[in-house]
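Okay, structure first, notes after.
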Amino acid sequence: MKHGKNFILGEYVIIKKPDLMDIGDNVRIADFCRISSACKIGDDCEIAPGTYIAGGDGEYTFDMGSFSSLAAGVKIWLSTNDYVNELVTHSVPEVKEIKGNVKMGKFTGIGTNSVVMPNNDIPEGVTIGALSFVPSNYKFEPWTVYAGQPIRPIKKRNKANIMRTLMKIGYIDENYIEKEALCAE
């Protein structure tokens, strides 16, 4: 397992494929987590207790951008049975599954006991409320709060305030914000 400085691994954590883990600086994976997929975790991230990241058998990857978090009990699935069109089993080779990467951009978060299905690209600044269900191939808008079963947009996030906080901790400078403003025009 490759990891940066200040990496904290909780007790009773199961990592089934440590050779497929790439972990940044200042990352905490809390107690009772299970990770059985390829993962790339950015800097300053937290994975709270009881979180599962599974499926894909190393063929697909969970990618978590810097300054992001998974709250307690979140389930990230990179493969799952197709409950509509197929047998619901993993023991029959002919059964086709729903598979794909899950990517979280920077400054994202997923609330307690939420479930994210395969094939999702969660863009920068998105947060997902507790007890939410994210179906495969959901189309997100950056810097938006989502919640529900299935999820729906709730409101926009306060990007300006988040950028000020990032400036205070020295992660970005005023030039970054000016460049962002120019790109938005």
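I need the shape label for the chain. Rule: rounded when a/c is under 1.5, else prolate if a/b > b/c, else oblate, with a, b, c from the alpha carbon gyration tensor.
Verdict is oblate for the chain.
Per DSSP helix of 4 or more residues, -39500 (n - 2.57); summed, then divided by the residues of the chain. What does that give at 222 nm, rounded to the nearest 500?
That calculation yields -3500 deg cm²/dmol at 222 nm.
Working from Cα positions, state the angle (0 to 90°, nearest 10) between the long axis of helix 174-184 and the longest principal axis of the chain.
Its long axis makes an angle of about 70 degrees.
Let me know the charge dipole size of the chain about its Cα centre in debye, to the nearest 20, where only the beta-carbon of Lys, Arg (+1) and Asp, Glu (-1) is charged.
Taking the Cα centre of the chain as origin, the dipole is about 440 debye.
Laboratory data are not the source of any read-out in this text; all were calculated from the coordinates shown. If you're wondering where the values come from, they're calculated on a predicted model, not measured in any experiment. Heads up, the Cβs are rebuilt from the backbone with ideal geometry, glycines too, and the neighbour counts pull from every protein chain shown.
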